[in-house]
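The block underneath contains the structure these notes are about, expressed in structure tokens.
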Amino acid sequence: GVTVRFQIAVLRFLPNAEDELRRVYKFVHENSDVFVAVNMVGREDNDKGYPLRFLPAMRELRRQYGGVRLSIHAGEVDEPNSHVRDTLLLGADRIGHGINLITDDDTMRLMRHGPYLVEINLISNLLLNYVTDYTQHPFPEYLRTGIPVALSTDDRGMWDSTMTDEFFVAVTEFDLTFDEVRSLSRNSLSHAFVDAGTRQSLLSDFDTKIAQYERQVSRSGVAKL
């Protein structure tokens, strides 16, 4: 009963990252039934991993293959730069982390109510010292200005965090309303790398189950979450 799709990760700061990108891009194109995207991971805040390094390779690959989606780490730094904007130029529809997006006013405006999702990794960002406490995290600014966001563990094996942990932190640190909690889950489905029919089926199933949950909570005597 679980819908599963896979992304393949490319470590962006490797010396041969362009060759690895070409290899996995072709693989995803040829196995699009379950492999749907390339995910470029790793910090981009050095001369080896910066986004525009990959622009020529991306344009070359798009001349050869269609149907490959991109989810790319960007803005996973604690200094201002244009890396989120540059990553959108690469063709990404999902931005991993996006911490320093808040320093780029033009891109903030571009992303409000737009098609691009920011994957928020609260626990990872704290443990990696991109923020020293959650009050410094831009997540609520993105959420409450209409930038599509969803929660992610980043690397569950490394940080030992679950989606329950991420939602707990988000709710307790930022006093989320239930409507905001619902929107985080819905955004992850709305921006999923699946075909339109599968996406609509997942959203309909979610809406049915969340409505059942709300009725159950209401009958239990909790009028408002």
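Is it true that V77 is free of Cβ contacts under 8 Å to residues at least 40 places away in the same chain, in contact with a helix residue (DSSP H, G or I) (Cβ under 7 Å, 6 or more places away or on another chain) and within 30 Å of R22 (Cβ to Cβ)? Criteria not met by V77.
Pairs linking a residue in the range 1-26 that is in contact (Cβ under 8 Å) with a residue 40 or more places away in the chain to a residue that is open to solvent by less than 90 Å² (accessible area, probe 1.4 Å) and among the acidic types (D, E), with Cβ atoms under 9 Å and 6 or more positions apart or on different chains, are R12/E44. Within the range 128-140, the residues that satisfy the criterion of being on the phi < 0 side of the Ramachandran plot and out of contact with any helix residue (DSSP H, G or I) (no Cβ under 6 Å at 6 or more places or on another chain) are L128, T132, D133, T135, Q136, H137, F139. Among the residues of the range 132-140, is any touching a Lys or Arg at 6+ places or on another chain (Cβ under 8 Å) and either free of Cβ contacts under 8 Å to residues at least 40 places away in the same chain or not in a strand (DSSP E or B) (or both)? The answer is no; no qualifying residue exists.
From the list V217, V169, the lone residue that is more than 18 Å from the chain's Cα centre (by Cα), surrounded by 13 or more Cβ atoms within 10 Å (Cβ to Cβ) and aliphatic (A, V, I, L, M) is V217.
Being open to solvent by less than 50 Å² (accessible area, probe 1.4 Å), under 14 Å from L101 (Cα atoms) and either part of a helix (DSSP H, G or I) or not small (G, A, S) (or both) is a description that does not apply to V38.
For the range 197-214, taking the residues that are closer than 22 Å to V149 by Cβ and aliphatic (A, V, I, L, M), the one that is surrounded by the most Cβ atoms within 10 Å (Cβ to Cβ) is identified as L202. Within the range 144-165, restricting attention to residues that are in a helix (DSSP H, G or I) and closer than 20 Å to D78 by Cβ, the residue that is least open to solvent (accessible area, probe 1.4 Å) is W159.
Only one of R22, R63, R43 is touching a helix residue (DSSP H, G or I) at 6+ places or on another chain (Cβ under 8 Å), at negative phi and open to solvent by 50 Å² or more (accessible area, probe 1.4 Å). Can you tell me which?
R22
Return the residues of the range 166-186 that are among the acidic types (D, E), free of Cβ contacts under 8 Å to residues at least 12 places away in the same chain and either touching a helix residue (DSSP H, G or I) at 6+ places or on another chain (Cβ under 7 Å) or part of a helix (DSSP H, G or I) (or both); say none if nothing qualifies. The answer is D179, and nothing else. When V77 is tested against (1) within 18 Å of the chain's Cα centre (by Cα); (2) buried (at least 22 other Cβ atoms within 10 Å of the Cβ), exactly one condition is not met: (2).
The values are calculated or read from the model by the stated rules, or taken from the named source; none is laboratory data. All of these numbers come straight from a predicted model, not from anything done at the bench. Neighbour counts are summed over all protein chains in view; Cβ atoms, including those assigned to glycine, are modelled from backbone coordinates with ideal geometry. Accessible surface areas use protein heavy atoms only, side chains included; no ligands, DNA or RNA. Shrake-Rupley method; radii C 1.70, N 1.55, O 1.52, S 1.80 Å.
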